[in-house]
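Undergrad: First, the structure itself, so that you have it in front of you.
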Amino acid sequence: MKMRNLLKATVFTVSLTAAGGMMLAPAFAEVVYNRGSAAEPESVDPHKTSTVYEAHVLRDLFMGLVMQDAKAELIPGAAESWTVSDDGKTYTFKLRAGATWSDGSPVTADDFLYSFRRLEDPATGAEYASMLYPIVNAEEVNTGKAKPEDMGVKAVDANTLEVTLKAPTPYFLEMLTHQAAYPVNKASIEKDGADWIKPGKLVSNGAFTLAEWVPNDHIKMVKNPKFYDAANVKIDVVNFIPTEDRSSAMKRFEAGELDSYDDLPTEQLPDLKAKFGDQIRVAPYLGSYYYAIKTDKAPWDNVELRTAISEAIDRDFLAEKVWNNSMFPGYSMVPPGTVGYTAAIASYADKSQIDREDEAKAVLVKLGYGPDKPLKMEIRYNTSENHKNTAVAIQEQLKPLGIEVTLLNTDTKTHYAHLEQKGDYDVARIGWIADYQDPETFLGTLRKASGNNYSNYNSPKFEELMDKAAAAGGNPEERMKLLGEAERQVVDDVAIIPLLYYSYKDIVSPKLTGFDDNVMDVHPSRFISKTE
């Protein structure tokens, strides 16, 4: 195949002996990691991305103030150290001495000042602008109520960045590992405009640089010789290879075309475990699988109707039969696993499925729906056998209640672009993976100002509770209590339809080391090694 020839890993040179004879000798073995991905990124602009597929790529290209290691634990990034004021509101970062961008120019505090302001600039249209709202005046800048220079970010000198928060924020450092907080190169953007993200033009500060991007084929990244820790980066080339068809990905893995892949066709899971053994990695993952539902569009603006639909869905069937027990039934927005937090569970969670269906049917009849007047509902989902099978199962579960469900599938890039642009739909499949280990990473997506609020949920009570939780950052117990009350509002309002809690489902070649299991499913290529 063309791809396999393109991605060959070994380079040889020919040496002539003094006697004129010819001897073949390996002079350099280029280590190539062919990294399968379940979807293609929409962009490599850190401020205009939102999916985990993009996060994997950006984590290799860029480096924030702090980063995650192979076990998803915090480590210094562009900042080699930091201090926190006694009141927990001011962070002072000392940038790594001598660190440079891939073009050789120095990485400075001004780069982060520019990047944080760019994220909050309304013209950028960043979905994750709300992530930096804990910073003084960040929200005001993003909503046009303050100037960029009013933001609580200051370049004290070339190597010192000071960030001031509105209130103590326990997850702030971990939040900075997200791509939205990565620096971008101002000179490159001003010079190349929209083309700054193209191969050969992209200036980045991570372990790898962007060499090629052939849409729907591969994204090639090469080791950055100017990266401060380049000597310890063992991979020379990373090829991100998008393969949305999970079954095809398994064939490519078996053929040696992929060294790892970040999802599995769950209907094949028992056979895959029998064939590949411990190359299959399945374990709990901080993520929620849910359906966004347009809360501001009739008839979905009726909370009784939303509740009935949610209640009628058999999550045990989805987890056991559709996902082969690789997922877990979900009844809350926040998945289990966050220390010190108890999720707010849907009131019907402990009822039998028969009782749930009877209650749902009674509500539908009350609202005038039934076999003679069916409720028409469209479910949008992104390409995946797993998502399709889930939607088909729900279609069948809702049919006896007089709900006619139609399905609409698009590729992942198109799916999320439609949602981000506030396109019209009824119900849409969403997967949300924790950006940091805190309930706020899930609940924050439903805030009115969030670009990830695909349900267009707008609850003054929820907003008030989230504001109070943010202000209670210095009191962890009170903060978690308020976040729990905020989630209770979300669950009772059926702002989303929770379906399942994630487990990660990776397949990893024994040739790889450093691909360590962790609850965040984070695997920076800089920590991975490969042997032939």
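The values are calculated or read from the model by the stated rules, or taken from the named source; none is laboratory data. None of the values given here were measured: they were computed from a predicted structure. Neighbour counts are summed over all protein chains in view; Cβ atoms, including those assigned to glycine, are modelled from backbone coordinates with ideal geometry.
Undergrad: Would you check which residues across the range 82-96 are out of contact with any Leu (no Cβ under 8 Å at 6 or more places or on another chain) and in a strand (DSSP E or B) and list them?
TA: Once the filter is applied, which keeps residues that are out of contact with any Leu (no Cβ under 8 Å at 6 or more places or on another chain) and in a strand (DSSP E or B), the range 82-96 yields THR83, VAL84, LYS94.
Undergrad: Against the conditions (1) outside any strand (DSSP E or B); (2) in contact (Cβ under 8 Å) with a residue 12 or more places away in the chain, where does ILE497 fall short? Just the number, please.
TA: Here ILE497 clears every test but (1).
Undergrad: Being under 30 Å from THR90 (Cβ atoms), in a loop (DSSP other than H, G, I, E, B) and of a type in the set (A, V, I, L, M) narrows it down to one of MET466, MET520, MET480, so name that one. Spell out the reasoning first.
TA: On the way: MET466 fails: in a loop (DSSP other than H, G, I, E, B); MET480 fails: in a loop (DSSP other than H, G, I, E, B).
Selected residue: MET520, the only one of MET466, MET520, MET480 that is under 30 Å from THR90 (Cβ atoms), in a loop (DSSP other than H, G, I, E, B) and of a type in the set (A, V, I, L, M).
Undergrad: Among the residues of the range 429-467, which ones are of a type in the set (Asp, Glu) and within 15 Å of SER332 (Cα to Cα)?
TA: ASP438, GLU440
Undergrad: Then there's this: Take the range 132-155 and flag every residue that is in contact with a Lys or Arg (Cβ under 7 Å, 6 or more places away or on another chain) and in a loop (DSSP other than H, G, I, E, B).
TA: Scanning the range 132-155 gives PRO134, VAL136, MET151.
Undergrad: In this structure, is TYR457 assigned to a loop (DSSP other than H, G, I, E, B) and in the same structural domain as ASN382 (by TED's automatic domain parsing)? Spell out how you get there, then give the answer.
TA: Numbers: assigned to a loop (DSSP other than H, G, I, E, B): yes; in the same structural domain as ASN382 (by TED's automatic domain parsing): yes.
Yes, satisfied.
Rundown of residues vs (1) buried (at least 23 other Cβ atoms within 10 Å of the Cβ); (2) of a type outside the set (A, V, I, L, M, F, W, C), yes/no style:
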site: LYS413; (1), (2): no, yes
site: PHE442; (1), (2): yes, no
site: THR445; (1), (2): yes, yes
site: ASN452; (1), (2): no, yes
site: PRO460; (1), (2): no, yes
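Undergrad: Condition check: modelled with pLDDT under 95 and closer than 28 Å to GLU304 by Cβ. Does ASN518 satisfy that?
TA: Details: modelled with pLDDT under 95: yes; closer than 28 Å to GLU304 by Cβ: no.
No.
So that you can scan it fast, the table gives a plain yes or no per residue for (1) under 30 Å from ASP493 (Cα atoms); (2) out of contact with any Ser or Thr (no Cβ under 8 Å at 6 or more places or on another chain); (3) crowded, with 22+ Cβ neighbours inside 10 Å:
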position: TYR261; (1), (2), (3): no, no, yes
position: THR266; (1), (2), (3): no, no, yes
position: ASP271; (1), (2), (3): no, yes, no
position: ILE293; (1), (2), (3): yes, no, yes
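Undergrad: Out of the residues in the range 156-169 meeting the condition of being charged (D, E, K, R) and touching a Lys or Arg at 6+ places or on another chain (Cβ under 8 Å), tell me which one is farthest from TYR133 (Cα to Cα). Spell out how you get there, then give the answer.
TA: Filtering the range 156-169 down to residues charged (D, E, K, R) leaves 157, 162, 166.
If we keep only those that are touching a Lys or Arg at 6+ places or on another chain (Cβ under 8 Å) as well, we get 162, 166.
On the way: GLU162: 16, LYS166: 9 Å.
By that ranking, first place goes to GLU162.
Undergrad: Within the range 367-405, take every residue that is of a type in the set (Lys, Arg) and free of Cβ contacts under 8 Å to residues at least 40 places away in the same chain and give me the one that is nearest to VAL427 (Cα to Cα).
TA: Of the range 367-405, the ones of a type in the set (Lys, Arg) are 373, 376, 380, 388, 399.
After this cut, where a residue has to be free of Cβ contacts under 8 Å to residues at least 40 places away in the same chain as well, the list is 373, 376, 388, 399.
Numbers: LYS373: 20, LYS376: 11, LYS388: 14, LYS399: 16 Å.
Per the criteria, the residue is LYS376.
Undergrad: So which residues in the range 287-317 are in contact (Cβ under 8 Å) with a residue 60 or more places away in the chain and either in a loop (DSSP other than H, G, I, E, B) or not assigned by TED's automatic domain parsing to the domain that holds VAL494 (or both)?
TA: Correct list: LYS294, THR295, ASP296, LYS297, PRO299, TRP300, ASN302, ILE313, ASP314.
Undergrad: Would you be able to say whether some residue in the range 473-481 is small (Gly, Ala, Ser), closer than 30 Å to ARG429 by Cβ and modelled with pLDDT under 95?
TA: no
Undergrad: So, one more: Mind telling me which of the residues ASP278, ASP350 ends up being in a loop (DSSP other than H, G, I, E, B), among the acidic types (Asp, Glu) and surrounded by fewer than 18 Cβ atoms within 10 Å (Cβ to Cβ)?
TA: On the way: ASP278 fails: in a loop (DSSP other than H, G, I, E, B).
Result: ASP350 is the single residue among ASP278, ASP350 that is in a loop (DSSP other than H, G, I, E, B), among the acidic types (Asp, Glu) and surrounded by fewer than 18 Cβ atoms within 10 Å (Cβ to Cβ).
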